[in-house]
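Engineer: Take this structure, written in structure tokens, and hold onto it; I'll ask about it next.
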Amino acid sequence: MPARHTHRICGRGELMEETDELRAARAVRRAVLGDAYVDGATADPDRAGREFQDHVTATAWGVWARGGALSPRDRSLLVMAMTAALGRMDEFRVHASSSPRTGVTDEEIDELLFQISAYCGVPAAVAARRGVKAVRAEREGA
């Protein structure tokens, strides 16, 4: 059973336990996306919004924090491929801009676009390519 250390009140009035797993997921999210992005996403003054961010962190980033055979680089490439396939270009761009923190190179993302085109369709790859160009332009302008 996971260690449980602190509690906080959730929106429905019952206690929501904060686990070591949630803390680990938060740490991975910060390491990959950066403090500025995470601080902005979690600064919601609305209690339901904060609870939603905890849910997103526990669900999506808990998978990253669990370890296993996939490296952060592998996970990053997979997330970019899946978000492109689903047409979730905002999320694709978030992960494309975070790729240097996971060890994914620009050349690997360029190659990933060919895989996206072959397996997800040209429109998904074209949209992802636009996202990559925008991310790189932002990076160069920063």
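Engineer: Condition first: out of contact with any helix residue (DSSP H, G or I) (no Cβ under 9 Å at 6 or more places or on another chain), open to solvent by 30 Å² or more (accessible area, probe 1.4 Å) and under 26 Å from residue 28 (Cβ atoms). Can you find one or more residues in the stretch 84-105 that meet it?
Structural biologist: No, the conditions are met nowhere in the stretch 84-105.
Engineer: Any chance you could count how many residues in the stretch 25-52 are farther than 19 Å from residue 90 by Cα, more than 14 Å from the chain's Cα centre (by Cα) and surrounded by 14 or more Cβ atoms within 10 Å (Cβ to Cβ)?
Structural biologist: Summing the residues that are farther than 19 Å from residue 90 by Cα, more than 14 Å from the chain's Cα centre (by Cα) and surrounded by 14 or more Cβ atoms within 10 Å (Cβ to Cβ) in the stretch 25-52 gives 2.
Engineer: Looking only at helices (runs of 4 or more DSSP H) that lie completely in the stretch 53-122, which have at least 3 residues being more than 11 Å from the chain's Cα centre (by Cα) and modelled with pLDDT of 95 or more?
Structural biologist: Helices (runs of 4 or more DSSP H) meeting the threshold: 72-85, 89-102, 106-120.
Engineer: Moving to a separate point now. Which number in (1) modelled with pLDDT under 65; (2) β-branched (Val, Ile, Thr); (3) not in a strand (DSSP E or B) marks the one condition that residue 6 misses?
Structural biologist: The single condition residue 6 does not satisfy is (3).
Engineer: Pull up the stretch 59-70, narrow it to residues that are surrounded by 13 or more Cβ atoms within 10 Å (Cβ to Cβ) and of a type outside the set (A, V, I, L, M), then point me to the one that is nearest to residue 115 (Cα to Cα).
Structural biologist: Checking each candidate, the answer is 64.
The values are calculated or read from the model by the stated rules, or taken from the named source; none is laboratory data. This structure is a prediction, so every number in the text was calculated from the model and none was measured. Using ideal geometry, Cβ is built from the backbone for each residue, glycine included, and neighbour counts are taken over all protein chains shown. Ligands, DNA and RNA are excluded from the accessible area calculation, which covers all protein heavy atoms including side chains. Shrake-Rupley method; radii C 1.70, N 1.55, O 1.52, S 1.80 Å.
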